[in-house]
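Let me begin by presenting the structure, written as C-alpha cells, before commenting on it.
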Ligand code: FES
C-alpha cells in the first residue's frame with residue numbers, strides 16, 4: 001500500500017477536519033488554533049488548498065514545538081506534495097524518489113536541488129498568521 005501511495009504521489013497529510021478554521025485575506029492566511037485540532041500537537045500538519053490561494057500550503061507543528069509553513073510542492077520535477085516525518089525533524093516528498101527537506105525547506109537528500117519555498121508563521125491571540133508576502137527559498 002505504501003509503495004502504491006508513493007507511485008501515485010498520495011501524501012499522508014489531509015486538509016483540516018474543520019475547513020472553517022482558516023481563511024485568506026491581504027496576502028496572509030489566518031488559522032484559528034482552537035479549531036485546527038490536527039496541528040495542536042508536535043508532528044501534526046494540515047494541507048491548506050483552495051479559498052483563492054494561488055498554490056498549496058503545508059502548515060505543520062514541528063517536533064521542536066514551532067509552527068512552519070511551506071509551499072506544498074516538491075522542487076523536483078514531479079512537484080509532488082510534502083509530508084512531515086513523525087520521528088525526525090524532516091519533511092519528505094511523497095513520491096518514490098522521496099526528496100527530504102529540513103524545516104527551513106533546505107534539501108537534505110534526494111533528487112530535488114532547490115529548497116522549498118517557506119513562509120513566516122507568527123502566533124497572535126490564539127491564531128496562526130502565515131505571511132504569504134515574505135516567502136523565502
Ligand atoms: S517530486 Fe519529489 S522527489 Fe520527485
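The values are calculated or read from the model by the stated rules, or taken from the named source; none is laboratory data. In this text, all values refer to a predicted model and were calculated from it rather than measured experimentally. All Cβ positions, even for glycine, are placed from backbone atoms using ideal geometry, and neighbour counts span all protein chains on display.
Restricting attention to region 100-137 and to residues that are surrounded by fewer than 12 Cβ atoms within 10 Å (Cβ to Cβ) and more than 18 Å from residue 46 (Cα to Cα), the residue that is modelled with the lowest pLDDT turns out to be 134. Can we say residue 115 is within 16 Å of the ligand (Cβ to nearest atom) and more than 24 Å from residue 5 (Cβ to Cβ)? It is true that residue 115 is within 16 Å of the ligand (Cβ to nearest atom) and more than 24 Å from residue 5 (Cβ to Cβ). Here region 52-66 is the region considered, the condition is being at pLDDT 95 or above and more than 12 Å from residue 121 (Cβ to Cβ), and the residue that is nearest to the chain's Cα centre (by Cα) is 56.
Please count how many residues of region 27-48 are closer than 25 Å to residue 113 by Cβ and more than 16 Å from the ligand (Cβ to nearest atom). Quick ask: steps written out before the conclusion?
Restricting attention to region 27-48, the residues satisfying the condition of being closer than 25 Å to residue 113 by Cβ are 45, 47.
With the extra rule that they be more than 16 Å from the ligand (Cβ to nearest atom), the set shrinks to 45.
The total comes to 1.
Looking only at residues in region 54-69 that are part of a loop (DSSP other than H, G, I, E, B) and surrounded by 14 or more Cβ atoms within 10 Å (Cβ to Cβ), the one that is nearest to the ligand (Cβ to nearest atom) is 56.
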